[in-house]
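*Asks:* Before anything else, here's the structure in question.
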Amino acid sequence: MSNDQSSSNPAAKLWGGRFSEATDAFVERFTASVTFDQRMALEDIQGSLAHAQMLSEVGVLSSDEFQQIAGGLQDIAAEIEAGQFPWEVALEDVHMNIEARLTDRIGATGKKLHTGRSRNDQVATDIRLWLRNRIDRIAAELTRLQSGLVELAEREADTIMPGFTHLQSAQPVTFGHHLLAWNEMLQRDFERLRDCRVRVNRSPLGAAALAGTSYPIDRARTAELLGFDAPTENSLDSVSDRDFAIEFCAFAALLLTHLSRASEELVLWTSSQFDFIDLPDRFCTGSSIMPQKKNPDVPELVRGKTGRVNGHLVALLTLMKSQPLAYNKDNQEDKEPLYDAADTALDCLRAFADMVPALKPKKDNMYTAAAKGFSTATDLADYLVRKGVAFRDAHEIVGQSVSFAIEQDRDLAELSLAQLQQFSDQIGEDVFAVLTLEGSVAARDHTGGTAPNQVRAACARAKELIAAR
């Protein structure tokens, strides 16, 4: 026993009938979850209303009893929404707090609500209802971000910028094409989220503690009332499954990883070394000591928050890795990581959905940067191949040309025809068309390519996918 005083009479607990001494006060606080699971209160009431209606329909509750319970639960929901509900740690969790309050309000009839169910299937149902709601909100913000991203990409389909590998100048692309790469990541995220929702949307209600119930319940009816696609199949798995929470956190970790990659590029692009874009002041902060600073705090924070979401995924995987069937108290630890992963994903999406459409490219700076680093060298090699030169020979010729241009402190496009022809007599006057940035970008005129007309076509396809949701 700890130094804390024991809590009140065990008979006061809704489960206290078999206990001869009160719960230690520290243990009571240690095992309670009401401080965080109360955010599922409205989902708990939603599940209880469906359960009570089903019990009424199968004759376990009378019509009058159901009306009393439903009225009491609706009044409690109003109390919660008004911030007037008296939460008590002694009642352990959101479920017991609401059930005790119901009994206070309507008397002995309130004690009948828990007929045919357990806190095990109750909490499993609440989490799914709560997560389904958050998934729908996240999907809406993800759609808003993608819509703004694609609109910006379409406007910037002709804006030339350098494309990088190893963060070295590689080949010219367009800003619109680059933004569509972000959109492809987000499209996969949306598909994962939609797929995750399918497995979230199963009803465990009626599995009771672990083995179902002897009452004549109708699980299909409660699933229907709660908007689930179907009841879960196995009572043991129903109460102990948290795959759906892990799957959601895996989605969130990938989403944040993608937003973090975009954030890193935004941080680079706003630096004076790149100076590719202007980020509106409302998404930045200043320095307490350096008056000239304009810090890209929003993308930096999104980049930083990725670590916590990745951590939540690992936490849930570790939580579940060695649990025997069925429900264990360990599973109380599933909620805070899940809540925070959902909150963080939603907040980061909102920040990006507000910020991305407001990005302003500095087109001249992008163009100047794209002209550096011999970014049309591959185009020269492709030109030689079209003239009948084997690719490996063309690669060698262009490498020699680049080495010469470095010595001359010039770009390939700035060399004379005679200077280029010393490396291959296959090079003609028409070479300069492929050495321009515009010619290089336009030449990749295929699905997924950088040609502005292909970028616009990709935007149109992306818009169709978004509109079809």
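The values are calculated or read from the model by the stated rules, or taken from the named source; none is laboratory data. Small disclaimer: the values here were computed from a predicted structure and weren't measured. Neighbour counts are summed over all protein chains in view; Cβ atoms, including those assigned to glycine, are modelled from backbone coordinates with ideal geometry. Each accessible area value is taken on the protein alone, full model and side chains, heavy atoms only, with ligands, DNA and RNA left out. Shrake-Rupley method; radii C 1.70, N 1.55, O 1.52, S 1.80 Å.
*Asks:* Need pairs with beta-carbon distance below 6 Å; first residue free of Cβ contacts under 8 Å to residues at least 24 places away in the same chain and within the stretch 271-284, second assigned to a loop (DSSP other than H, G, I, E, B); sequence gap 6+ or separate chains.
*Replies:* Close Cβ pairs (under 6 Å, with a partner that is assigned to a loop (DSSP other than H, G, I, E, B)) amount to Cys284/Lys294; Cys284/Pro296.
*Asks:* If you don't mind, another one. Quick one: how many residues across the stretch 66-101 are open to solvent by less than 30 Å² (accessible area, probe 1.4 Å), among the charged types (D, E, K, R) and more than 17 Å from Ser33 (Cα to Cα)?
*Replies:* So the count comes out to 1.
Conditions (1) touching a helix residue (DSSP H, G or I) at 6+ places or on another chain (Cβ under 7 Å); (2) open to solvent by 20 Å² or more (accessible area, probe 1.4 Å); (3) within 23 Å of Lys363 (Cα to Cα); (4) touching a residue at least 60 places away in the same chain (Cβ under 8 Å), marked per residue:
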position: Leu152; (1), (2), (3), (4): yes, no, yes, yes
position: Pro162; (1), (2), (3), (4): yes, no, yes, yes
position: Pro172; (1), (2), (3), (4): yes, no, yes, yes
position: His177; (1), (2), (3), (4): yes, yes, yes, yes
position: Leu186; (1), (2), (3), (4): yes, no, no, yes
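*Asks:* Could you check the stretch 26-66 and list, in sequence order, the residues that are closer than 16 Å to Lys111 by Cβ and either within 35 Å of the chain's Cα centre (by Cα) or part of a helix (DSSP H, G or I) (or both)?
*Replies:* As a first pass, look at the stretch 26-66 and keep what is closer than 16 Å to Lys111 by Cβ: 48, 51-52, 55-56, 60-62, 64-66.
Listed by number, the residues that qualify are Ser48, His51, Ala52, Leu55, Ser56, Asp64, Glu65, Phe66.
*Asks:* Quick one: what pairs do we get from the stretch 312-338, first residue more than 27 Å from Thr257 (Cβ to Cβ), second of a type in the set (Lys, Arg) and surrounded by 15 or more Cβ atoms within 10 Å (Cβ to Cβ), C-beta under 8 Å, 6+ apart or different chains?
*Replies:* If the second residue must be of a type in the set (Lys, Arg) and surrounded by 15 or more Cβ atoms within 10 Å (Cβ to Cβ), no pairs are left.
*Asks:* Look through Asp136, Asp126, Asp104, Asp158 and report the one residue that is assigned to a loop (DSSP other than H, G, I, E, B) and charged (D, E, K, R).
*Replies:* Working: Asp136 fails: assigned to a loop (DSSP other than H, G, I, E, B); Asp126 fails: assigned to a loop (DSSP other than H, G, I, E, B); Asp104 fails: assigned to a loop (DSSP other than H, G, I, E, B).
After ruling out the rest, the residue left standing is Asp158.
*Asks:* Scan the stretch 353-377 for residues that are polar (S, T, N, Q) and surrounded by 19 or more Cβ atoms within 10 Å (Cβ to Cβ) and jot them down. Reasoning before the result, please.
*Replies:* Of the residues in the stretch 353-377, the ones polar (S, T, N, Q) are 365, 368, 375-376.
Those that are polar (S, T, N, Q) and surrounded by 19 or more Cβ atoms within 10 Å (Cβ to Cβ): Ser375, Thr376.
*Asks:* Right, something else. Only helices (runs of 4 or more DSSP H) wholly contained in the stretch 399-469 count here; list those with 3 or more residues that are over 16 Å from Gly163 (Cβ atoms) and either more than 44 Å from the chain's Cα centre (by Cα) or at pLDDT below 95 (or both). Let's see the steps before the verdict.
*Replies:* Working: elements: 417-421, 431-435, 437-443, 452-467.
Because the criterion is at least 3 residues that are over 16 Å from Gly163 (Cβ atoms) and either more than 44 Å from the chain's Cα centre (by Cα) or at pLDDT below 95 (or both), the helices (runs of 4 or more DSSP H) in the stretch 399-469 that meet it are 417-421, 431-435.
*Asks:* Shifting gears a bit: Quick check: is even one residue across the stretch 102-120 touching a helix residue (DSSP H, G or I) at 6+ places or on another chain (Cβ under 7 Å), aliphatic (A, V, I, L, M) and touching a residue at least 60 places away in the same chain (Cβ under 8 Å)? Show your work before the answer.
*Replies:* Of the stretch 102-120, the ones touching a helix residue (DSSP H, G or I) at 6+ places or on another chain (Cβ under 7 Å) are 102-103, 105-106, 109-117, 119-120.
From what is left, the residues that are aliphatic (A, V, I, L, M) are 102, 106, 113.
After this cut, where a residue has to be touching a residue at least 60 places away in the same chain (Cβ under 8 Å) as well, the list is 113.
Within the stretch 102-120, one or more residues are touching a helix residue (DSSP H, G or I) at 6+ places or on another chain (Cβ under 7 Å), aliphatic (A, V, I, L, M) and touching a residue at least 60 places away in the same chain (Cβ under 8 Å).
*Asks:* For the stretch 107-123, how many residues are within 33 Å of the chain's Cα centre (by Cα), of a type outside the set (D, E, K, R) and assigned to a helix (DSSP H, G or I)? Lay out the reasoning, then the answer.
*Replies:* Kept after step one, since they are within 33 Å of the chain's Cα centre (by Cα), are these residues of the stretch 107-123: 117-123.
Filter once more, so that each one left must be of a type outside the set (D, E, K, R): 118, 120, 122-123.
The next check asks that each one be assigned to a helix (DSSP H, G or I); those that pass are 120, 122-123.
Total satisfying the criteria: 3.
*Asks:* Let me ask something additional. Within the stretch 394-435, track down each residue that is among the aromatic types (Phe, Trp, Tyr) and more than 11 Å from Tyr383 (Cα to Cα).
*Replies:* Of the stretch 394-435, the ones among the aromatic types (Phe, Trp, Tyr) are 404, 423, 432.
Result: Phe404, Phe423.
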